[in-house]
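**Student:** The structure under discussion is supplied below as structure tokens; questions concerning it will follow.
The values are calculated or read from the model by the stated rules, or taken from the named source; none is laboratory data. Because the structure is a prediction, the values reported are computed rather than measured. So basically every Cβ, Gly included, is an ideal-geometry build from the backbone, and we count neighbours across all protein chains shown. For the accessible areas, the whole protein counts, side chains as well, though only heavy atoms, and no ligand, DNA or RNA atoms are used. Shrake-Rupley method; radii C 1.70, N 1.55, O 1.52, S 1.80 Å.
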Amino acid sequence: SDLISVNTYADVRAINSPYAWVFVQGREHQADGAQGLFYLDQSSTSPDDDGIVLDPNTTGRYIRYDVQKVDSRWFGLTYDSIISQSIYLSAACASSLRFAKPVYIDGNIFLNSNFQTSAEVEFSDNSSLVSTLPISASFYSEVKGANDIFGNTVQPIFYANDEVKYSWVYADNV
């Protein structure tokens, strides 16, 4: 068969026969935001990045099909978690730079470590970022068709339990 469906990334890594296409139902469990279609590039030796490129137990690599934006959930980020998501966002940003595609955030994330990236990160209107430490990054968002820049314009809007919640301040034509 040219297409198989598997449950998780671990199942992809265990594949020992070359299938042209694999549909993965989730990173760690079904419908966790990391589901997607991967194709086999039999000549690839790219490192497994745990989101876009997966290294099976056969020749080549499975590569996520038609990536337009990098969804941080592909790398393990969980929205609305009280556990810091820094490591997962960092992995998504590294892949974003590698593939020259923006990271897309469509939910609320919590970071508890200094975070820096030069990757383009887009936040949807229903996203927020909670951090206990300063954020140093250039964040972007598509708001009403404009590319608006964040970073130094991020403003704290409230303090609770030593956490600072930031609201993205839209700055047109910056």
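**Student:** Could you compute how much accessible surface Lys69 exposes when probed at 1.4 Å, giving the result in Å² to the nearest 10?
**Tutor:** Solvent-accessible area, nearest 10 Å²: 70 Å².
**Student:** So, one more: Can you tell me the equivalent ellipsoid semi-axes for the range 1-72? Use √(5λ) from the Cα gyration tensor, largest first, whole Å.
**Tutor:** Details: eigenvalues 57, 37, 24 Å².
One finds semi-axes of 17, 14, 11 Å for the range 1-72.
**Student:** So, one more: List the chymotrypsin sites (Phe, Trp or Tyr not before Pro) in the range 37-90 that DSSP assigns to loop (not H, G, I, E or B) and whose Cβ has at most 14 other Cβ atoms within 10 Å. Which are they?
**Tutor:** Tyr65
**Student:** Amide H neighbours of Ala34 under 5 Å, at least 5 residues apart or on other chains, H built in the peptide plane: list them.
**Tutor:** Result for Ala34 returns Arg27.
**Student:** Follow-up. Quick one: if you stick a label point 7 Å off each Cα along the C-beta vector at Ser81 and Ala20, how many nm between them?
**Tutor:** 3.6
**Student:** Quick one: 3J(HN,Hα) in Hz for the range 92-104, Karplus 6.51/-1.76/1.60 with θ = phi - 60°, rounded, Gly and Pro as x.
**Tutor:** Working through the residues one at a time gives 5, 5, 4, 5, 4, 5, 4, 9, 6, 10, x, 7, 10 Hz.
**Student:** Run the numbers for Ile4 and Asp106: contour at 0.36 nm per residue of separation, minus the present Cα-Cα distance, in nm.
**Tutor:** Contour length minus the Cα-Cα distance gives 33.8 nm.
**Student:** Oh, and also: Not counting ligands, DNA or RNA, and with a 1.4 Å probe, what is Asp106's accessible surface area in Å² rounded to the nearest 10?
**Tutor:** Near enough 70 Å² of accessible area.
**Student:** Could you give each residue of the range 76-91 its phi-based ³J(HN,Hα) in whole Hz, using Karplus coefficients 6.51, -1.76, 1.60 with θ = phi - 60°, and x for Gly or Pro?
**Tutor:** Per-residue couplings from phi come out as x, 5, 10, 6, 6, 8, 8, 9, 4, 9, 4, 4, 6, 5, 4, 5 Hz.
**Student:** Using amide H atoms built 1.01 Å from N in the peptide plane, name the residues 5+ places from Gln85, or on other chains, whose amide H lies under 5 Å from its own.
**Tutor:** The answer is Phe110, Leu111, Asn112.
**Student:** Students sometimes get this wrong: rank Ser90, Ser124 by accessible area, probe 1.4 Å, all chains present, largest first.
**Tutor:** These residues rank, largest area first, as Ser90, Ser124.
**Student:** Using a 1.4 Å probe on the protein chains only, how many percent of the accessible area of the range 1-57 belongs to carbon and sulfur?
**Tutor:** Carbon-and-sulfur percentage of accessible area, whole number: 46.
**Student:** Something else now. Roughly how many nanometres apart are two label points built 7 Å out from the Cα toward the Cβ at Thr59 and Ser124?
**Tutor:** Placing both labels 7 Å beyond Cα along the Cβ direction yields 4.1 nm.
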